[in-house]
Amino acid sequence: MQRNRKRPSPLLSVVISTLNDERRLVPTLASLVPGAADGLIAEAIIVDGGSTDDTDAVADIAGCRFLKGPADHGQRLAEGASVARAPWLLFMRPGVVLDEGWIREVRSFLEAVTRSGEQERRAAIFSIDIDGFGLKPRIRGLRARAAFRLGFGAHAAQGLLISAIAYQNRGGHRQGPQAERSLSRSIGSRSISVLRIRARLLSM
């Protein structure tokens, strides 16, 4: 008789800040569904800044925790992190879709930092891909990659994978629309791994 394999404990709380992001939220949550089915994602937390569209309905249908948060984007991210239950946090922007294979890539990163004991020091972002045709999206992608390499922080569309302890130690997100970039800049590019899987920012 075959023994049932023990399902791994959920490791990630996904935190998303929204404001009238009904259309952008749908594809983002759809790309995360395999992570929940795999047992990697424990919960998705949507912290909303007062949407007047059906963002709350999208979150409800997808089984997310929906919180009414402050007007400031950075404060919403911090509030989501404060109620997260998993040991790792994944911050995402609405309108960003992860390529297939992201689960394997994330698990590999988590296993590597756990083996090396660097959970409180290292974080990760996804490779960036700007959706669209022509030269403009390519230039935006090049600028985002260059900005990160030069120490100006990661583009918000690249997400951020960080342990809850490391997030607290860094003081979390600051106020303002550039909260993600500010936090990644404070962590430092040397402590952030760029995963091979792309985070694609949709043109919507």
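The values are calculated or read from the model by the stated rules, or taken from the named source; none is laboratory data. Model, not experiment: these values are computed from the prediction. Cβ sites come from the backbone with ideal geometry, for glycine too, and all protein chains shown count toward neighbours. All accessible areas refer to the heavy atoms of the entire protein, side chains included, with ligands and DNA or RNA removed. Shrake-Rupley method; radii C 1.70, N 1.55, O 1.52, S 1.80 Å.
Remark: pairs (first residue in the stretch 135-163, within 15 Å of L183 (Cα to Cα) and modelled with pLDDT of 80 or more; second residue hydroxyl-bearing (S, T, Y) and open to solvent by less than 20 Å² (accessible area, probe 1.4 Å); Cβ separation under 7 Å; 6+ apart in sequence or on different chains) = G153/S184; A154/S184; L160/S184. Screening the stretch 37-97 for strands (runs of 3 or more DSSP E) wholly inside it with 3 or more residues that are more than 16 Å from N20 (Cβ to Cβ) returns the ranges 41-48, 88-92.
Considering the conditions (1) at pLDDT 95 or above; (2) among the small types (G, A, S); (3) open to solvent by 60 Å² or more (accessible area, probe 1.4 Å), G80 is excluded by exactly one of them, (3). Identify the residue in the stretch 1-46 that is surrounded by fewer than 19 Cβ atoms within 10 Å (Cβ to Cβ) and acidic (D, E) and, among all such residues, is modelled with the lowest pLDDT. That would be D38. If you go through the stretch 84-104 and pick out every residue that is open to solvent by 30 Å² or more (accessible area, probe 1.4 Å) and either of a type in the set (G, A, S) or under 13 Å from Q158 (Cβ atoms) (or both), you end up with 2. For the stretch 72-80, indicate whether the set of residues that are more than 15 Å from the chain's Cα centre (by Cα) and under 27 Å from G176 (Cβ atoms) is non-empty. Yes, that holds for at least one residue.
Quick one: count up the residues across the stretch 94-126 that are more than 17 Å from the chain's Cα centre (by Cα), within 21 Å of G188 (Cβ to Cβ) and of a type outside the set (S, T, N, Q). Total satisfying the criteria: 6.
For the stretch 10-27, which positions are farther than 11 Å from V58 by Cα and in contact (Cβ under 8 Å) with a residue 60 or more places away in the chain? Selection gives P10, L11, L12, S13, V14, V15, I16, S17, T18.
Checked against the criterion of being touching a residue at least 24 places away in the same chain (Cβ under 8 Å) and touching a Leu at 6+ places or on another chain (Cβ under 9 Å), the candidates L183, L201 yield just one match: L183. In the set A78, A86, A112, only one residue is touching a His at 6+ places or on another chain (Cβ under 9 Å) and not aromatic (F, W, Y); that residue is A78.
Selection of the stretch 47-67 for residues being in contact with a strand residue (DSSP E or B) (Cβ under 6 Å, 6 or more places away or on another chain) and either open to solvent by 50 Å² or more (accessible area, probe 1.4 Å) or within 27 Å of E105 (Cβ to Cβ) (or both) yields V47, D56, A59, C64, R65, F66.
For beta carbons closer than 9 Å, sequence separation of 6+ or different chains, a first residue in the stretch 84-108 that is at positive phi and a second that is of a type in the set (A, V, I, L, M), the qualifying pairs are G95/L25; G95/A157; G95/L201; G95/L202; G95/M204; G101/I197. Exactly one residue out of S116, S127, S82 is within 17 Å of A199 (Cα to Cα) and of a type in the set (S, T, Y): that is S127.
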